[in-house]
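Note sheet for the following structure.
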Amino acid sequence: MKFKIIMLLVALMMSVQVWSDNPERVKAKFDPKRFEAEMEQFITSQAALSPSEAASFFPVYREMQKKARVLFEEMRRCHMTDLSNQRACKQAIIKMDELDLELKEVQRTYHLKFMKVLSPAKVLKIIKAEEKFHRNAFKRMVQRRQNND
């Protein structure tokens with residue numbers, strides 16, 4: 001009798017382990033470090049950056065991303081405005097417009113810095129590669145959500 005109970009417990013534990021290891025059951029969490037590494041690898045290959053070019057470019061790029069992230073966070077807060085408060089909505093719209101302009105100014109400033117490190121052609125390739133990477137990442141996210149539904 002003890003043997004049957006022990007075997008039942010072992011079988012139960014193994015089935016729980018198999019169920020938890022199923023990748024379809026596990027929701028993939030967003031890993032910002034992995035996302036950044038994948039983006040940098042994609043940009044490096046798409047723009048054909050040499051290791052020395054990548055080493056001089058990416059610290060400046062990360063600096064720009066850090067500043068842009070702050071602005072995006074402020075924009076996100078504006079999107080949470082109470083829609084029943086007309087005055088708050090107006091202020092949110094004005095603030096988002098200001099943040100958009102500030103973001104463009106940050107990009108412009110850093111694009112000029114990039115061109116001090118790399119040729120304009122490489123910088124344009126990088127800009128296009130970054131846009132392509134984000135489009136592809138968004139498509140993958142949408143596909144994952146559709147597959148999980």
Query raised in the report: Across the stretch 73-110, which residue is nearest to Tyr61 (Cα to Cα) among those that are small (Gly, Ala, Ser) and assigned to a helix (DSSP H, G or I)?
Result: Ala92
**Report entry** Filtered residue count, the stretch 32-51, keeping only those that are in contact (Cβ under 8 Å) with a residue 60 or more places away in the chain and basic (Lys, Arg)
**Finding:** 0
Report summary line: Screening Ala37, Ala68, Ala55, Ala48 for residues that are surrounded by 13 or more Cβ atoms within 10 Å (Cβ to Cβ) and either out of contact with any Pro (no Cβ under 9 Å at 6 or more places or on another chain) or more than 24 Å from Ala137 (Cα to Cα) (or both) leaves only Ala68
Query raised in the report: What pairs come up if the first residue lies in the stretch 98-123 and is farther than 15 Å from Met64 by Cα, the second is outside any helix (DSSP H, G or I) and not charged (D, E, K, R), and their beta carbons are under 8 Å apart, counting only those six or more places apart or on different chains?
Result: Leu118/Leu49; Lys122/Ala47; Lys122/Ala48; Lys122/Leu49
Requested in this report: Report, ordered by the first and then the second residue, all pairs with beta carbons closer than 6 Å, sequence separation of six or more or different chains, a first member in the stretch 129-149 that is surrounded by 12 or more Cβ atoms within 10 Å (Cβ to Cβ), and a second member that is of a type in the set (S, T, N, Q) and in a helix (DSSP H, G or I).
Outcome: Ala129/Gln46
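No lab work stands behind these numbers, since they all come straight from the coordinates. Everything quoted here is computed from the prediction, not taken from an experiment. Heads up, the Cβs are rebuilt from the backbone with ideal geometry, glycines too, and the neighbour counts pull from every protein chain shown.
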